[in-house]
C-alpha cells in the first residue's frame, strides 16, 4: 500500500510546539496551498488549508527555523483521525510529515524593520491565501498527540 502526500504552501501561522508525556517533541503548523483551474472562460483559485505534524528532530528544525508566511515543501503521509465534540463525531485530516524543506530563506542579518516589510510583501505575493479569517471556519482542536509507533 502507498500513502504519500507532497504539498507546497505557505505557513499561515508560526509553528506550535508541544511535548508528549514521554518527552518527545511534536511541532505542528498549517499551510495554505493554492490551485488554479479554468472553469469555462474564467480562471479560479482554490486554497487548501492543511495541518502538518512533525516529530522529534524534524519538529525541532521546524520550531527553530519556520515562521508565518514562509514557503515550504512538505512530504509525508495522510492521517485521518476521529474526534468527538459535544457528542458529535468529526474527522480531521493531517499530514504526518517525514520531510520538509524551506523553499525560500529569510535574511537573518536584516533589521526587524526590513524583516517586517519583507514579510508584508511575501504575504501579498500569496494573493490573500494567508488571510487568517479563512481559518475562522475551521475548528482546529488542540489535543495531546500520541507518538505513532
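Worth a mention:
- Unmet criterion (only one of (1) touching a strand residue (DSSP E or B) at 6+ places or on another chain (Cβ under 9 Å); (2) modelled with pLDDT of 90 or more) for residue 88: (1)
- For region 68-84, a residue qualifies if it is exposed (fewer than 14 other Cβ atoms within 10 Å of the Cβ) and in contact with a strand residue (DSSP E or B) (Cβ under 7 Å, 6 or more places away or on another chain), and the qualifying residues are 78, 80, 81, 82, 83.
- Residues that are on the phi < 0 side of the Ramachandran plot and either exposed (fewer than 14 other Cβ atoms within 10 Å of the Cβ) or in a strand (DSSP E or B) (or both) within region 47-66 comprise 47, 48, 49, 50, 51, 52, 53, 54, 55, 57, 64, listed in sequence order.
- Across region 20-32, the qualifying residues are those that are within 18 Å of the chain's Cα centre (by Cα) and either over 20 Å from residue 91 (Cα atoms) or free of Cβ contacts under 8 Å to residues at least 12 places away in the same chain (or both), and the one among them that is surrounded by the fewest Cβ atoms within 10 Å (Cβ to Cβ) is 25.
- Long-range neighbours under 6 Å by Cβ, at least six apart or interchain, first residue touching a residue at least 60 places away in the same chain (Cβ under 8 Å) within region 50-69, second surrounded by fewer than 19 Cβ atoms within 10 Å (Cβ to Cβ) and part of a loop (DSSP other than H, G, I, E, B): 68/13; 68/14
The values are calculated or read from the model by the stated rules, or taken from the named source; none is laboratory data. These figures come from a predicted structure and were not determined experimentally. Note that we place each Cβ from the backbone using ideal geometry, even for glycine, and neighbour counts take in every protein chain shown.
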